[in-house]
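Taking it in order: structure first as structure tokens, then the write-up.
Throughout, read-outs are computed from the coordinates displayed, never taken from laboratory work. This is a predicted model, so every value here is computed, not measured. Neighbour counts run over all protein chains shown; Cβ positions are idealised from the backbone, glycine included.
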Amino acid sequence: MRPVLRFLSVLSLALGAAAAAQAQAPAPTPTPAPAVSQEERIRQLEQLLADTRAELAKMKAASSSAEINAKLDEMSRRMDILAQEIENLKMGEAAPAAPALEAGAKAGELSTERYGIGPAAAKIYVSRKGLSIGGYGEVLYNNFASKDQSGAPASGDDTITLLRAVLYVGYKFDQHFVLNTEIEYENAVVAADKGGEAEVEFAYIDYLHSAAFNARSGLVLIPSGLVNQLHEPTAFLGARRPDVEQLIIPSTWRELGAGAYGTVGPISYQAYGVNGLNAAGFSADQGIREGRQEGSEALANSWAFAGRADFTAVPGLLVGASVFSGDAGQGRYTPSGQKINALTTVFDAHADWRWRGLWLRGLYAHTTVAQADLVNQLNNFEGDESVGSRQEGWYLQGGFDVLSLVAASKMNLIPFARYEQYDTQAAVPVGYERNPENDVKQLTLGLAFQPIPQLIFKADWQQRHNAAKTGVNLWNASLGYVF
């Protein structure tokens, strides 16, 4: 046991010190060139980790003591965390962030919970000064069933597209001021006869003060849900993002504003004041999605608050909630002259837990739109075209990395299942009707394979049912990369 304990202690301290130095150290002074390269040191650590795993397995097989086996299981869990830290060091943070190391180690300060962005987007924070470039991309194939759930013929073409090609460009001016941007191209071509777009997903300046308090200003990601901020393809299972986090929480959602973020004790927080939504874009089937203003000549007559708090003290566990609330009327009036405030509030509660090869997550989201009847008048909606005065949805997801059972495996193979329900017209104003097509239940069964942390291949089948019985099942496949 002593060699194993010694290995864990030394490696924990080494990784914690390395991460803390990357996050906090001032500009380096000249030092002699190391005798061994970083790549060689990482290779040696990986070999030592593999040898220690094998020794632990032998000790557990030879032991009949429940107490000793429990201790060995705990040591194995810590080794899983350390293995992920090694991957993060290899990739310069362009991998899914590992939970914070225990016993007060500093490595957790590099986790994406601190910055509220995806792992590859956080590369600028571990650079010492100057320019940093990263990115991600997704190719998506959709194959639709020929009949809907009622057995009637279904229309719709199968498609394949370069869904996203993204560049992160950041610049660290000094130890306090950081510029970070995300430039995204959707569907490969921006042209009048194509569905492509080129857009800025975020562009902000950070003032880094301490782990407990940092300031941010610019085009910021709204801190809602599990996907809106961490939406790189390696950060979620499924070829497509969950529908609940596209319609109830309109990912990718960003607005212009300013605020603060940080970690105090076991709680990480974010709080921003941003321009409000535009109710002229609300609809029955898309909910508030087209009310996002995306930093493009945004109306600023109405403002909103966006806040989030997460418990992150337990390695591998994230539990929290978020709220967005503000008027969406933007100074508009109905044809009859009534002023529209349209207070819109989006609340979500979420949890994500990763333990060894197990990955579980769940989310509930709820949106209310006050004066939905006035919004309908503004947009000339009638009958079942009404904006939902209440919109809600939830999902549960579970996956297990079967290759985590293989000692020293560097690949991931994750079968998973996700079930979600949502309704963008859970309630409508008096005098209007609900469209049953917007009351959806969806089951997703799939597989995700990562030969290396930067690449992921996904395939899944989705069973789509709605209350109108017009749901159409589909197969999806995707290729994703981060760097």
**OP:** Could you list which residues have their amide H under 5 Å from that of Arg254, counting only those 5 or more apart in sequence or on another chain, with H placed in the peptide plane?
**Re:** Ile222, Glu294
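Suppose the chain between Leu317 and Glu382 were pulled fully straight at 0.36 nm per residue; how much longer would it get relative to their current alpha carbon spacing? Don't jump to the answer; show the numbers that get you there.
On the way: separation 65, 0.36 × 65 = 23.40 nm, distance 4.53 nm.
Extra length available between Leu317 and Glu382 comes to 18.9 nm.
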Original post:
Hey, how much of the P(r) for the range 116-482 falls beyond 28 Å, as a percent of Cα pairs?
Top reply: 48 percent
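Determine the sum of side-chain charges near Val200: Lys and Arg each +1, Asp and Glu each -1, restricted to other residues whose C-beta is under 10 angstrom from that of Val200. Don't skip to the answer; put the middle values down first.
Details: positive: Arg254; negative: Glu182, Glu184, Glu199, Glu201, Glu294.
Local charge sum for Val200: -4.
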Original post:
In a shell of Cβ-Cβ distance under 10 Å around Ile456, excluding Ile456 itself, what net charge do Lys and Arg (+1) and Asp and Glu (-1) give?
Top reply: -1
Original post:
How many times 2.2 N^0.38 Å is the alpha carbon radius of gyration of the range 162-258?
Top reply: 1.21
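Within 10 Å, count the other beta carbons around each residue, average over each peptide in 211-223, 122-134, 397-409, and list them highest first. Before the final figure, lay out each step's value.
Details: 211-223: 20.0, 122-134: 17.5, 397-409: 15.5.
Descending packing order for the listed peptides: 211-223, 122-134, 397-409.
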Original post:
When a footprinting reagent is the concern and you count Cβ atoms within 10 Å, what order do His176, His366, His350 take, fewest first?
Top reply: His176, His366, His350
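What is the order of Phe177, Phe236, fewest Cβ neighbours within 10 Å to most? Don't jump to the answer; show the numbers that get you there.
On the way: Phe177 12, Phe236 23.
So the residues, fewest neighbours to most, are Phe177, Phe236.
Express the relative contact order of the range 116-482 as a whole percentage, based on alpha carbon pairs under 8 Å and six or more residues apart in sequence. Mind dumping the intermediate values first?
Values: 1081 pairs, mean separation 53.7, N = 367.
In percent, rounded to a whole number, it is 15.
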Original post:
What is the gain in length, in nm to one decimal, between Ser210 and Phe483 on full extension, counting 0.36 nm per residue of separation less the C-alpha to C-alpha distance?
Top reply: 95.6 nm
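Can you compute the charge dipole magnitude of the range 116-482 about its Cα centre, using +1 on each Lys and Arg Cβ and -1 on each Asp and Glu Cβ, nothing else charged? Give it in debye, rounded to the nearest 20.
1180 debye
Hey, what's the Kirkwood Rh for the range 245-321 if you take every pair of different alpha carbons, in angstrom?
On the way: mean 1/r = 0.0712 Å⁻¹.
Its Kirkwood hydrodynamic radius stands at 14.0 Å.
If packing is taken as the mean number of other Cβ atoms within 10 Å per residue, what is the order of 303-316, 268-281, highest first?
Details: 303-316: 18.4, 268-281: 21.9.
Ranked by mean Cβ neighbours within 10 Å, highest first: 268-281, 303-316.
Given the range 285-388, what whole percent of its Cα pairs are spread farther than 24 Å? Can you show the working numbers first?
Numbers: 2140 of 5356 pairs.
Distances greater than 24 Å cover 40 percent of the Cα pairs.
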**OP:** Rank-order 56-63, 437-444, 141-148 by packing density, defined as the average count of other C-beta atoms within 10 Å over each peptide's residues, highest first.
**Re:** 437-444, 141-148, 56-63
